[in-house]
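A.B. asks: Provided herewith is a single structure, encoded as structure tokens, for subsequent inquiry.
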Amino acid sequence: MRMFNRKAVFAAACVGLVGPSVFAVDFPEVEPNDTKITPNVVSPMAPGDTISGSTTGASTTVVGAASSDNFDVTTTAAPSAGIWRYRLTLTTEIGVHTGTLRGRTQTAGVPNATTDSAVQTSAATTTPARTVQWYANETASRVIYRVTGVAATTLPYAATLVRDAVTPTIIPDTISAG
């Protein structure tokens, strides 16, 4: 469900500026979204959009407030060709929610289809703090994002998407194997 900042949309409509499509969209969590198999679909997510919710736990076996919140995020395509960095940064009043990008384990280079593994975890010590990031080309990208909490995390969280262009470093010399 998409939600818009009603005051901003109303103000823009009153002065005849622009429609709601230029405003950030909030994607609130909806239960059940306690596992990687049952995530909330967040698509398309554009820079400035947020994922919001509330969780007091990390369980993937219960539904409700004590479960982890899982999201299947598909971003909008980048505005031009190139390399792009995407970041989801968590904000909350008490700062103890954790965000992770999810993946699968591998055996001999073959992904195990039924596994669930943290690929990257946000923390107060990551740079920037409480951020996960990934890189993609100009096409839409897709990740599984999970938010967990603890019993004390009764206030809601929000994770905001940022997209930045990356300028590659050209290495002029030949690089030898090894």
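The values are calculated or read from the model by the stated rules, or taken from the named source; none is laboratory data. Note that the coordinates shown come from a computational prediction; the quantities given were computed from them, not determined experimentally. Cβ: placed from backbone, ideal geometry, glycine included. Neighbour counts: every protein chain shown. For the accessible areas, the whole protein counts, side chains as well, though only heavy atoms, and no ligand, DNA or RNA atoms are used. Shrake-Rupley method; radii C 1.70, N 1.55, O 1.52, S 1.80 Å.
A.B. asks: Restricting attention to segment 115-129, report how many residues are assigned to a loop (DSSP other than H, G, I, E, B), open to solvent by 60 Å² or more (accessible area, probe 1.4 Å) and not small (Gly, Ala, Ser). Lay out the reasoning, then the answer.
C.D. replies: Within segment 115-129, the subset assigned to a loop (DSSP other than H, G, I, E, B) is 115-116, 122-129.
From what's left, open to solvent by 60 Å² or more (accessible area, probe 1.4 Å): 116, 124-125, 127.
From what's left, not small (Gly, Ala, Ser): 116, 125, 127.
Residues in segment 115-129 being assigned to a loop (DSSP other than H, G, I, E, B), open to solvent by 60 Å² or more (accessible area, probe 1.4 Å) and not small (Gly, Ala, Ser): 3 in total.
A.B. asks: Exactly one condition in (1) open to solvent by 70 Å² or more (accessible area, probe 1.4 Å); (2) more than 23 Å from VAL25 (Cα to Cα) is false for PRO156; which is it?
C.D. replies: Of the numbered conditions (1) open to solvent by 70 Å² or more (accessible area, probe 1.4 Å); (2) more than 23 Å from VAL25 (Cα to Cα), the odd one out for PRO156 is (2).
A.B. asks: In segment 2-18, is there at least one residue being in contact with a strand residue (DSSP E or B) (Cβ under 6 Å, 6 or more places away or on another chain) and at pLDDT 90 or above? Quick ask: steps written out before the conclusion?
C.D. replies: First, the residues of segment 2-18 that are in contact with a strand residue (DSSP E or B) (Cβ under 6 Å, 6 or more places away or on another chain): 3.
Add one more test, that the residue is at pLDDT 90 or above, and what stays is none.
No, because not a single residue in segment 2-18 is in contact with a strand residue (DSSP E or B) (Cβ under 6 Å, 6 or more places away or on another chain) and at pLDDT 90 or above.
A.B. asks: Do any residues in segment 66-83 that are at positive phi have Cβ atoms under 7 Å from those of residues that are open to solvent by 10 Å² or more (accessible area, probe 1.4 Å) and aliphatic (A, V, I, L, M), where the two are at least six apart or on different chains, and which pairs are they?
C.D. replies: Pairs that qualify, where the first residue is at positive phi and the partner is open to solvent by 10 Å² or more (accessible area, probe 1.4 Å) and aliphatic (A, V, I, L, M), are GLY82/ALA165.
A.B. asks: Let me ask something else. Only residues that are in contact (Cβ under 8 Å) with a residue 24 or more places away in the chain and either under 15 Å from THR60 (Cα atoms) or touching a helix residue (DSSP H, G or I) at 6+ places or on another chain (Cβ under 9 Å) (or both): list them for segment 31-45, please.
C.D. replies: Of all residues in segment 31-45, those in contact (Cβ under 8 Å) with a residue 24 or more places away in the chain come to 31-36, 38-45.
Correct list: GLU31, PRO32, ASN33, ASP34, THR35, LYS36, THR38, PRO39, ASN40.
A.B. asks: Sticking with this structure for a sec: Identify, by number, the condition in (1) touching a residue at least 60 places away in the same chain (Cβ under 8 Å); (2) among the hydrophobic types (A, V, I, L, M, F, W, C); (3) open to solvent by less than 60 Å² (accessible area, probe 1.4 Å) that ALA151 doesn't meet.
C.D. replies: So the condition that ALA151 fails would be (3).
A.B. asks: Identify the residue in segment 19-47 that is β-branched (Val, Ile, Thr) and exposed (fewer than 14 other Cβ atoms within 10 Å of the Cβ) and, among all such residues, is modelled with the highest pLDDT. Steps first, answer last, please.
C.D. replies: Initially, segment 19-47 is screened for residues β-branched (Val, Ile, Thr), giving 22, 25, 30, 35, 37-38, 41-42.
From what is left, the residues that are exposed (fewer than 14 other Cβ atoms within 10 Å of the Cβ) are 22, 30, 37, 41.
On the way: VAL22: 63, VAL30: 94, ILE37: 88, VAL41: 97.
The qualifying residue modelled with the highest pLDDT is VAL41.
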